Structure formats: C-alpha cells, structure tokens
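J.: Just dropping this structure here.
The values are calculated or read from the model by the stated rules, or taken from the named source; none is laboratory data. Here the structure is a predicted model, which means the values were calculated and not measured. Don't worry about glycine lacking a Cβ; one is built from the backbone with ideal geometry, like all the others, and counts go over all protein chains shown. For accessibility, only protein heavy atoms count, side chains too; no ligands or nucleic acids. Shrake-Rupley method; radii C 1.70, N 1.55, O 1.52, S 1.80 Å.
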Amino acid sequence: MPALFLPARGCRSESPGTAVGIRGGSARGPFLARDVPVMLRTRPRLREVLVALVLTPLYLLCRGYVFGTRDHAIHLAYIERMVDPGFLAGDPLLEVAAHHPSFFFAALAGLSRLVPLEALYFAGHVLSVFAMILGLRALARRLWDGPAGEWAAAVAVAGAFVHRYVAGSIENLDAMFLPRVASLGPLLWALELGVRGRFGRAFALTGAVFLVHAPTAAHTAFVLWVGCAFGGRANLRHCLLGPVLFLAAASPLLFWMAVHGGPEVPSPAPVEWVQSLKLHHAFHHFAIPWIPAGRAAAAAMAILLGVAVSRWRGAGALLAGFLAGAAGLIVAGGIGNWGFSWPVTIHLHLFEAGRLLDYLAVVALGRWSYSVFHGPWPTKAVGVLILAAYALRIPLHEWVRHRFVPDFYVLAAALAVTLLVRREFPGRRRLAAHRLGGILRREGLRPPPRRQAGGFAAGLGAALVVVSVAAGRMPEWNPTGAGYPGYRMMRWARDHLPAEAVVIVPPYIEGAIPTFRHFARRRVVGSWKDGGEGTFNHAFQLSWEQQVRDISGVGASLRVPDGPVNWADYAAWIRGAVESYHTMPAEHFIAMGRRYGASHVVRQAGALRIGLPVLYEDEEYVLQELPDPGARR
C-alpha cells in the first residue's frame, strides 16, 4: 500500500476493529490525545448502518421535504434543457445556466429518462440524509473512542436535526435535494478519513465530490489541508501531495470548465455588477451577519478555538485545525466580498463554509455535553440550559435580529464552561475557580459503560430534537410541488398556452411561481429568482436587474447601498417590488409585453383588477393575455 495512504506517523494500530488510545507526547502525528482511537475499519459496522437507517426517516419527519421551489426554479429547467436541447429555446437564463460547473445535473438528466424527476429527487434526498447521518456519527466516533465517542455521536446527530441557518444564509441541510445536499455526507466521510490519518484518500474523495458541488468540495479540501498542517512535520508529505490528489480527482470537471469557459465577469469586478449582485444575492454574499453581533460571535469563535487547542491535545487539536480552516474561509469571504468585491471570493461562495463549521461545532458540542453530564450537578444544570438554548435557537445576545448569525457562538460558550468543570483534559494549568472547587471535584462521576453512555446520549438527543421541533414551525412536506399556490394555474398554462408563449410573472424569490418553466414549460420574464445566475455572468446580471426594475415598476426608486446590506433592507426590496407589481395598471403590462416580447401576465387573484382578457382564474392567481402580438419582438 502506498505510504501516502497509511496512517500518520505515531499512530499505532492493532487488528481490524480494535480501538487503541495513544497516550503521552511521543506521537509525532496529529493524534496526541489519550482518548483518540486509531481504527483500521474501512467500512461502517452493520450497527452504524442500522442506526442511520432508523434515524433517516425520523430526520425527514422532523425537517420535511419540498420539491419545485427555491433553487429548483433554475435546476429543474436546466435538467429539462439537457434532456431536450430544444426546451424553451432562446431563454437567456437557460443559455447562461448551461455553463454551470457541475456534473450533478447531467447525471440527473440521464436518470430522468428512466425515473420521473419527482421520484428521483426524493430518492436522492433520502440517500443524502442517510449519508450525512452515517458520516457525522463516524466523524464523532473517530475523534473520541469509547463512551465519549458514542455520546458525542448521538448528540451531534441530534444537533443536526435542529434547523439552523449558517453564514451565507444557507440551511445546515436544505429540505430539498441540491448539489450541496448530495455532497455533505461524502465530505463528512472525507473529514473522518483525515482524522484516521488517511489524508490521501480524504483529498481524493473531496476531489471526486468536486464533480458534484465544486465550492463545498473546495472548502472541505482547504479545511482538510489546515487540519493536516496542524499535525506538524509528520504530515508534511500529506500537505504537499494531498492537494495534488484533490486536483487529480477533480480534473474531469476542471477540464470541462477550461473547455466551456469560466465565469464571464471582469476582474476587478465592475461596480455596477457588484451593486446589481447585491440586489439579488445580498443574503449570500453581502449581508451583515455579524454587525453588531460580530464582536460577540468573533469572541466566541476565539474561545472555541482556544479551548480546543489548549485543552484538547490530539483530537481537539485536529478538530481545531478543521474549525480554523472553516472559520478562515468565512473571514476570507467577508474580506473579499465586503472589502474588495473580488469575483473569485464571490464565485467560491466562501460563506457557505459556515455549514462545515456548524457540523464540526455540533460534534464539539456532543463531546462537551459528555464532560458536563459526567461532572457535578451544578455543571449538569449549565449543560441543560445551554442545550435547551441550542435546541430552541435562543440567541445569547439581544442584537440578533435576523437569521444570518450562526449558532456556533452557543457552542463556544459551552466549551468555555468546560474550562471550569473538567479534570480529564490534558494540561498543567488550572483556573483558580477550578482549583478552589474541591467539592465539585469530589462530586465528579466516572464515565458509564459504552452501552449506558450511548443509550443516555440517545435519550438526551431525542429530547433535544423534540424540544426543537415543538418550538419551531411544522415541517413542510411537498414532494411534487402540487400543493403550492399557483400550481393549478401553471398546469393549465402547460396544457393550453401556445408553446412559444412568454409569460410575465411577479418578482418572487420563494414559492412555486419562479419554477414556472418546469411546471408550465413556458418561458418567463420578471422572476426575481432568475438573478442567481448573474453571479457568473456580468451581462446577464445587468440585463436581469433592468428587467426586474422595469416589470415590477420600481424603476430607479430602489437604491442599493455601497456597503454591506442588512437583511431587513433586502426583504424590503423584494416586498416593495411585489407590491408595486400588483398595483400596476394594464397599460404598464402592455408596454412591458412589447419591450420584452411577452404574451401573457400572471397576477395574484386579490390584486387590483386590470382590463385584460382573463384566460384562467382561481382563488390564487389570474392568468391574462396581453394584446397587440404584432408589436412584440
């Protein structure tokens, strides 16, 4: 076996399936903690597979599943274009989306010839959830052996059940099948391979995932590299050859990108492109996630990393390396996007590294909870309060007024408490409060056996999930899109409108109406959601902005600030555009039809009535015909 794929130096192992702890400071690899295992198992045990099989449907019940909304507005139409090159010929959005760097859609397009897209997407999402649970449990159990690992795995998976938004305003796991959802499970397995010291395989696996979702795979490769670097000189070979293996595995997509061309955005980025991008993608690239909450979040992150480095040698040091890599990407995204508007940092979606940070932090929370619940009763009370705050998504400071602040500051506070209550962390120094707490030390409990620890942690995790679900909104279930407002109108349009029809739609970013292309199989203009593809195309972005301003009627009255954008401002933009659209008179839509070649217009049923022929009407939407087709281009 090549040396690159062998465990890092200093890691001794025994027969397959045997966990061995490494003690002392003799090991020169990244594993220096007394409770870190080295296992030769290359496949999950049957028990782990069964656990993941049981948890997967429970996860789906807690989090829900949807089809035909949000990013599906572009993805589904793109897949149909790949199946039928003549689908909606001349649609500018689909012409731009054809340069989207991913083999994910090509694979689904091929499979959709055999299986309906609705069934294909649902099956893919179920497999993605299963892979996420399996990978997360494997990562936690690899970091810590015995009862601590069992406990951390149970609580970490329970934490993944809690719905959270992370930096970049993406969910910790979307309730729909997307490239970034399909990639998460394999990337967690790549991190597990890194913990095992198999950095060569980890980088190769990450490069393979690059073919599915390039940004997330690139983030994970960097996180792996930083974790590898934390191992010191013993990992120098892995640090040098790992990126080579990543690039080799990613080479098919890199070659495709070289042939088809990269993002069509000048560098440095034109000011008008940046301002237009804020209009659509402010919540991804230009929001204010940490202002004024930034000081508290940054301080908490420093506490988390400091605790991991100073008190957790080995597993904690490696985990700190991973956390540092993910946090570094977020910082780089803030500097590149806000400070310099670099196209490269925008195209790499560096804020999405917040999702990796979130999963790594929830693993740390699981390990911390093991320490707390095996400590004195006062620390148990602190643990219950912090876990409750985490499950209920309660902010620790009063300035959080939008959903962009990640929850990792909660975990950081939890880890900081550990400094006061645990004796098993290596290190010579003790805080004064800890040295004076003789009573607390005498009350410390011995860790229970593996089975008992796993069972209690599973119960704790179940309580965490129940509290979170009970306190949150009911999960949404819509596996076909049939229950969304406007679905019946779009199905009617699919059966009755001319194939060459072009429909003006409201400037929505949510719901099913932006997915008009898929449900009605007709071209549209005016959708706010379409602006997402302008990230990679300067001309399309400016064209989209002008179209939305014209059709909604807001014109130049909508002003985009030069600096970062607050979530409240962004929401007000969309709300103002929608309200303006539904108050426009018939003459406005006739003029827009002539300008953009549209033949029909969709409006809400309760909006101001306009004097245009009604082709379809229900309690949700009205579909009307625009006159004077000869004037259209």
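J.: Can you give me the distance in nm between label points at V271 and R113, each placed 7 Å from the Cα along the Cα-to-Cβ direction?
T.: 5.1
J.: Which order do L211, L254 take when ranked by solvent-accessible area (1.4 Å probe, heavy atoms of all protein chains), largest first? Don't jump to the answer; show the numbers that get you there.
T.: Numbers: L211 40, L254 65 Å².
Output order, biggest surface exposure first: L254, L211.
J.: Given labels modelled 7 Å from the Cα in the Cβ direction, how far is it in nm from A89 to M257?
T.: 3.2
J.: To continue, here is another question. For the residue pair H496 and R609, what label-to-label distance in nm results when each label sits 7 Å from Cα along the Cα-to-beta-carbon direction?
T.: Rounded to a tenth, the inter-label distance reads 1.8 nm.
J.: Could I ask something else about it? Arranged from highest to lowest average of other beta-carbon atoms within 10 Å per residue, in what order do the peptides 329-341, 129-141 appear? Working shown, then result.
T.: On the way: 329-341: 18.5, 129-141: 25.0.
Order by mean packing, descending: 129-141, 329-341.
J.: Please work out how much accessible surface H374 shows to a 1.4 Å probe, ignoring ligands, DNA and RNA, in Å² rounded to 10.
T.: H374 exposes around 10 Å² with every protein chain in place.
J.: 5 Å is the cut-off here: which amide hydrogens, built 1.01 Å from N in the peptide plane, fall below it relative to L615, excluding neighbours closer than 5 in sequence?
T.: Sorted by chain and number, the residues that satisfy this are L623, Q624, E625.
J.: Of R198, R595, R233, which has the most accessible area with a 1.4 Å probe, and how do the rest follow in descending order?
T.: Values: R198 20, R595 115, R233 220 Å².
Largest accessible area first, the list is R233, R595, R198.
J.: Give me the distance between the Cα centres of the range 204-249 and the range 100-163, rounded to whole Å.
T.: The two parts, judged by their Cα centres, are 20 Å apart.
J.: Next question. At 1.4 Å probe size, what's the solvent-accessible area of V548? Round to the nearest 10 Å².
T.: Counting only protein heavy atoms, the figure is 0 Å².
J.: Given a 1.4 Å probe and the protein chains all in place, what does the accessible area of R575 round to, in Å² to the nearest 10?
T.: Counting only protein heavy atoms, R575 exposes about 130 Å² to solvent.
J.: Any chance you could check the Cα centroid distance between the range 324-350 and the range 555-633 for me, in angstrom?
T.: Using only Cα atoms, the two centres lie 35 Å from each other.
J.: If you don't mind, there's one more thing I want to ask. Once fully extended, how much extra length lies between R559 and A591, figured as 0.36 nm per residue of separation less the alpha-carbon to alpha-carbon distance? Before the final figure, lay out each step's value.
T.: Details: separation 32, 0.36 × 32 = 11.52 nm, distance 2.36 nm.
Difference between extended and current length: 9.2 nm.
J.: Follow-up. Let me make sure I get this right: for the range 62-200, a, b and c are the square roots of the gyration tensor eigenvalues over alpha carbons, sorted descending. Under 1.5 in a/c it's rounded, otherwise prolate if a/b > b/c, else oblate. Which is it?
T.: Prolate shape, in that a/c is at least 1.5 and a/b is the bigger ratio.
J.: Still on this structure: Calculate, in nm to one decimal, what L240 and A123 gain on full extension: separation in residues at 0.36 nm each, minus their alpha carbon distance. Provide the component values of the computation, followed by the final result.
T.: Numbers: separation 117, 0.36 × 117 = 42.12 nm, distance 3.82 nm.
Extending this stretch completely gives an extra 38.3 nm.
J.: Multiply the residue separation of L247 and W477 by 0.36 nm, subtract the distance between their alpha-carbon atoms, and state the gained length in nm to one decimal. Mind dumping the intermediate values first?
T.: On the way: separation 230, 0.36 × 230 = 82.80 nm, distance 3.88 nm.
Gain in length upon complete extension: 78.9 nm.
J.: For the range 151-293, rounded, prolate or oblate, judged on the Cα gyration tensor with a ≥ b ≥ c (square roots of eigenvalues), a/c < 1.5 rounded, else prolate if a/b > b/c? Let's see the in-between values first.
T.: Working: a/c = 1.80, a/b = 1.20, b/c = 1.49.
Oblate, since a/c reaches 1.5 and b/c is not below a/b.
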